[in-house]
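The values are calculated or read from the model by the stated rules, or taken from the named source; none is laboratory data. Since the structure is predicted, the reported quantities are computational estimates derived from the model, not experimental observations. Neighbour counts are summed over all protein chains in view; Cβ atoms, including those assigned to glycine, are modelled from backbone coordinates with ideal geometry. Protein only, heavy atoms only, side chains kept; ligands, DNA and RNA dropped before computing areas. Shrake-Rupley method; radii C 1.70, N 1.55, O 1.52, S 1.80 Å.
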Amino acid sequence: MAPALAVVRRLPLWSVPAVWTLALGLWGLSRQHTVWRDEAATWQVARRSAADIWYMLGQVDVVHGLYYLLMHGLFACFGPGTTTLRLPSVLAMAAAAACVTVIGRRLAGVRAGLGGGLVFALLPAVQFHLQEGRSYALVTAGAGLSTLLLVTVLHRERDGRGARGAAAWTAYGAVVLVCGLLNWLSLLIVPAHAATLVWTRASRPTWARWTAASAVATAGVLPLLLFSRGQSGQVSWIPPLTWHMLIGPAVLLTIGGLGALLDRPRAGRLSVAAVALPLLAVPQLGLLGLSLIRPLFLERYVLSSMLGLALLIGAALGAAVQAVPPRFPQAASWLVPVVVAVAVVALLPQSLAKRSPASRVDDVLATAEDVRRLKRPGDAVVFVPSARRDTALVSPDDFAGVRDIALARSPARSGTLKGVEADPARVRAAMLAERRILLVTDAPEVARPLTAGRDRTKAAVLERYFTVVADERAHGRRLLVYERD
């Protein structure tokens, strides 16, 4: 055992939280073989050709274009599946935990870095997106890496080695640029880093090089930002700010403030508080400000602020260890592991919930399996609303032999996520020509009132001329089988 223990001790500190986060991410990765509607968008777009994806980005979802192209490459190499869909997010969060660890160690010591890295993976928001087939974990990893690069440069300046390091500034600008191309709201990290420079009273050369790197990155993202404004209807469903939406940010900022007090921040000093508090607060406040102009406030858009929260918690743990009297050395060495173990036990119910199908609003795969089981040769299918066509797009084999009678142009041909359907009169005529129709829709508990004329037409025809012969409900979706009276 001694040689093995020696090997473990020689491992870099960041590897422990990275492996810890990786293990949490791999635990229940398939989520009982379920995929919900947001992930279904990634899945079905990634299966298209690069040309079809590029054509679609001109119509919708350009803000996720780089991520879709990345996932297209991974699907082409490893095939579609829940592992291919979610593993990039797991690896990205592991990298983010490693960045938290390195930053915390440099600014507050070994235990602060280790505690922050381990705690990061346990944060509820991180656990949710740890296994999410979307771009938010990758953006968080990029935010962590850019912050680490900034801290590295500031460390050099503090140690009297200057703020030159052209390679570090080039890498910083490149990381910020990639994050912005993954989601332009990640540029909220730029004012957060500016606040850190103000707090630490950075030198003029540092300000000049940071400004140049940030400006180049922002300029590279600006065309995407401007073009995406023409597709702003895609986020029209986000509700306006209400007072209860401010509770979460207020709690996080309060916790962050307490952590900053424990770090004993002083102006001009490079500390955890100088880095983490802006990282936690500025993106949250910035998105709240943008939401006063246009509703945009969603937790996942500022997921990277969890890096700041983890750093502050790690600093608090480090301060607690230092406060242990010297006559209790064993207590000091066991404090961080014990706190993490208690957090694991306390958060276990939530961790299990995050890995269950019920953690998401619906599941496209369960309904596809119901279609495969209940379909008959010659059956027709309609989707209400049309966005529920994602079930067939993710699992086309389960719909083999079933005709989509409302569809006029496929999603790939129309450059959309859900395709283009025929006008209500044609949809009605097509339905009346059928003897048996499958309806894929939302379960009653998550269904919204029908607003589209085509959807109201579908519902009216089925209610008047058809009878329900089967009704299957699973994880927020519903499959109804209708036969002609």
Handout entry: Exclusive hit being closer than 18 Å to residue 448 by Cα and touching a Gly at 6+ places or on another chain (Cβ under 8 Å), set 384, 361, 339
Key = 361
Practice task
Kindly establish whether residue 375 is of a type outside the set (S, T, N, Q), under 30 Å from residue 122 (Cα atoms) and open to solvent by 30 Å² or more (accessible area, probe 1.4 Å).
Solution key: no
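Rundown of residues vs (1) open to solvent by 10 Å² or more (accessible area, probe 1.4 Å); (2) farther than 20 Å from residue 276 by Cβ; (3) free of Cβ contacts under 8 Å to residues at least 12 places away in the same chain, yes/no style:
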site: 107; (1), (2), (3): yes, no, no
site: 120; (1), (2), (3): no, no, no
site: 131; (1), (2), (3): no, yes, no
site: 141; (1), (2), (3): yes, no, no
site: 144; (1), (2), (3): no, no, no
site: 153; (1), (2), (3): no, no, no
site: 167; (1), (2), (3): yes, yes, yes
site: 178; (1), (2), (3): yes, yes, no
Handout entry: Any chance residue 393 is aliphatic (A, V, I, L, M) and modelled with pLDDT of 95 or more
Key = yes
Problem - Inter-residue pairs, beta-carbon under 6 Å, first closer than 25 Å to residue 75 by Cα and in segment 394-416, second part of a strand (DSSP E or B) and open to solvent by 40 Å² or more (accessible area, probe 1.4 Å), 6+ apart - result: 409/420; 414/420
Practice task
Go through the residues of segment 30-39 one by one and say whether even a single one is in contact (Cβ under 8 Å) with a residue 60 or more places away in the chain and in contact with a Gly (Cβ under 7 Å, 6 or more places away or on another chain).
Solution key: yes
Exercise for the section: For segment 396-426, name all the residues that are among the polar types (S, T, N, Q) and open to solvent by 20 Å² or more (accessible area, probe 1.4 Å). Expected result: 410, 416
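With 84, 101 as the choices, which residue is within 17 Å of residue 71 (Cβ to Cβ) and β-branched (Val, Ile, Thr)?
Exactly one of 84, 101 is within 17 Å of residue 71 (Cβ to Cβ) and β-branched (Val, Ile, Thr), namely 84.
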Completion exercise
Pairing a residue in segment 432-455 that is assigned to a helix (DSSP H, G or I) with any residue that is among the aliphatic types (A, V, I, L, M), where Cβ atoms lie under 6 Å and the two sit 6 or more apart in sequence or on different chains, gives 454/427; 455/384
Handout entry: Per-region count, segment 427-446, residues open to solvent by 40 Å² or more (accessible area, probe 1.4 Å) and aliphatic (A, V, I, L, M)
Key = 4
Handout entry: Selected residue (only one of 434, 472 is over 27 Å from residue 359 (Cβ atoms) and at pLDDT 95 or above)
Key = 434
Handout entry: Filtered residue count, segment 350-369, keeping only those that are under 18 Å from residue 440 (Cα atoms), open to solvent by 20 Å² or more (accessible area, probe 1.4 Å) and of a type in the set (A, V, I, L, M, F, W, C)
Key = 1
Problem - Criterion violated by residue 192 - all others in (1) over 28 Å from residue 109 (Cα atoms); (2) open to solvent by less than 50 Å² (accessible area, probe 1.4 Å) satisfied - result: (1)
Fill in the blank from the handout: In segment 9-37, anything modelled with pLDDT under 90 and either surrounded by 10 or more Cβ atoms within 10 Å (Cβ to Cβ) or of a type in the set (Gly, Ala, Ser) (or both) is listed as 11
Exercise for the section: Check residue 55 against each of (1) over 17 Å from the mean Cα position of the chain (by Cα); (2) open to solvent by less than 10 Å² (accessible area, probe 1.4 Å) and name the one condition it does not meet. Expected result: (2)
Practice task
May I ask you to list the residues in segment 356-415 that are within 29 Å of the chain's Cα centre (by Cα) and basic (Lys, Arg)?
Solution key: 360, 388, 389, 413
Fill in the blank from the handout: Scanning segment 126-171 for residues that are within 21 Å of residue 225 (Cβ to Cβ), in contact with a Lys or Arg (Cβ under 9 Å, 6 or more places away or on another chain) and among the hydroxyl-bearing types (Ser, Thr, Tyr) gives 136
Practice task
Those residues that are in contact (Cβ under 8 Å) with a residue 60 or more places away in the chain, of a type in the set (A, V, I, L, M) and in contact with a Leu (Cβ under 8 Å, 6 or more places away or on another chain), I need them from segment 469-485; list them, please.
Solution key: 470, 479, 481
Fill in the blank from the handout: Restricted to segment 245-280 and to residues being open to solvent by 20 Å² or more (accessible area, probe 1.4 Å) and small (Gly, Ala, Ser), the residue modelled with the highest pLDDT is 250
